[in-house]
1. Is it true that residue 31 is modelled with pLDDT of 95 or more and either in contact with a helix residue (DSSP H, G or I) (Cβ under 8 Å, 6 or more places away or on another chain) or under 30 Å from residue 325 (Cβ atoms) (or both)?
2. Residues of region 275-287 being more than 23 Å from the chain's Cα centre (by Cα) and surrounded by 12 or more Cβ atoms within 10 Å (Cβ to Cβ), which ones?
3. Checking residue 21 against (1) buried (at least 22 other Cβ atoms within 10 Å of the Cβ); (2) at pLDDT below 85, only one condition comes out false. Which one?
4. Could you check, for region 46-60, whether at least one of its residues is assigned to a helix (DSSP H, G or I), more than 19 Å from residue 466 (Cβ to Cβ) and at pLDDT 95 or above?
5. Tell me which strands (runs of 3 or more DSSP E) are completely within region 314-413 and hold 3 or more residues being crowded, with 23+ Cβ neighbours inside 10 Å, or say none if there are none.
6. Return the pair list, or none, for Cβ contacts closer than 6 Å from residues in region 94-118 that are free of Cβ contacts under 8 Å to residues at least 12 places away in the same chain to residues that are part of a strand (DSSP E or B), at least 6 apart or on different chains.
């Protein structure tokens, strides 16, 4: 047997786990053993739906009301305040930094008294089901590293994403669909997304997110060519798996076992995917709940409804990306457009899960990669302005499994420039997410190049105050 030294060490260190994996493969199930022997403590959540708002929605026009800015509107931001946070390179040539109040009105809603912008009436209507965290902060100031940081715990590409870590740690709840599915809505904006955000990094490749697309072929190359039948595909799969198993016995490379798993999953998905994504039988009142866009494949509303369908099929991690929130200029019109596309479907998803009894064990998350500045980027006029990137504070909300409903957590200063109470770092958020799934974030690790890596890198604390 011609093993590479690193693979030999990896194989022998895996011990009984690899034997169990081999047993599963030999049974023909195509499933690999999870990275954990069992949960570290009882899980509140069985699955996650993450509604990622790529481009960074402004907290000042959504959920962090700052009436003090009315007094300061148009005045220069104090230099002592501005110097407390980094600014992006997009404002280096700007000579003046006038503070700007939101053009939109706010009101309080629910028993929590959460302040919510008029742009989000549907979110306001379910405010008592939501937990708002207004004191999020991050380390990244540009979009790609900030998105990757939220998704992988590192600003550098190449680390496993949250969904990949959970796939590795927990295994699958549905052997006919991937553990980790990615949906990208169309019509939100042109800002690109790096596929590293749902990549497997150094974990085995079958843990990467599988992107479902709108249209005739939701998963590329999944369907059989014309004239090719299911029986033909099964015979082909059996032959390929036999060859791959010989390669596994000869080389001992665990990535070959991962490839066997991927082939088997693709075969099973040929039968399971069409039914899993078919929303044609949904009643009219469900489409009305999500809004008119819900009938158009690829829209945010359609993908929110599809996310509910996938949750019903016990997909563990469903990641929905919606782009277009990067408003360096024209923010009032841009925020209005984005809120119109996302507010009703986001609220509808929470309501729909709740009425089906799924919200109690499904965690729903809404938020972007960082916040926006309280000063205007570019020229401030009566009805127009922009806002630069701001890592110092931003708002997300969560709902469902194990999260306190009707809670507003954390506080920023009177300008929404710095966190002044109960700050939640990105790694704290990730540690809390994993805790809800029954995982100790410090104990789910993977050894790579001589070091044990984890999602939260070297720090992070569970935010117990937001948990039931």
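The values are calculated or read from the model by the stated rules, or taken from the named source; none is laboratory data. Values in this document were obtained by computation on a predicted structure and should not be read as measured data. Glycine also receives a Cβ, built like all others from the backbone with ideal geometry; neighbour counts cover every protein chain displayed.
1. No: the conditions fail for residue 31.
2. Selection gives 282, 286, 287.
3. Against the list (1) buried (at least 22 other Cβ atoms within 10 Å of the Cβ); (2) at pLDDT below 85, residue 21 comes up short only on (1).
4. yes
5. Per the criteria, 317-322, 362-367, 394-400.
6. Qualifying pairs under 6 Å: 108/115.
Residue by residue, here is whether (1) within 27 Å of residue 203 (Cβ to Cβ); (2) in contact with a strand residue (DSSP E or B) (Cβ under 6 Å, 6 or more places away or on another chain); (3) modelled with pLDDT under 75 holds:
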position: 228; (1), (2), (3): no, no, yes
position: 233; (1), (2), (3): no, no, yes
position: 240; (1), (2), (3): yes, no, no
position: 253; (1), (2), (3): yes, no, no
position: 259; (1), (2), (3): yes, no, yes
position: 264; (1), (2), (3): yes, no, yes
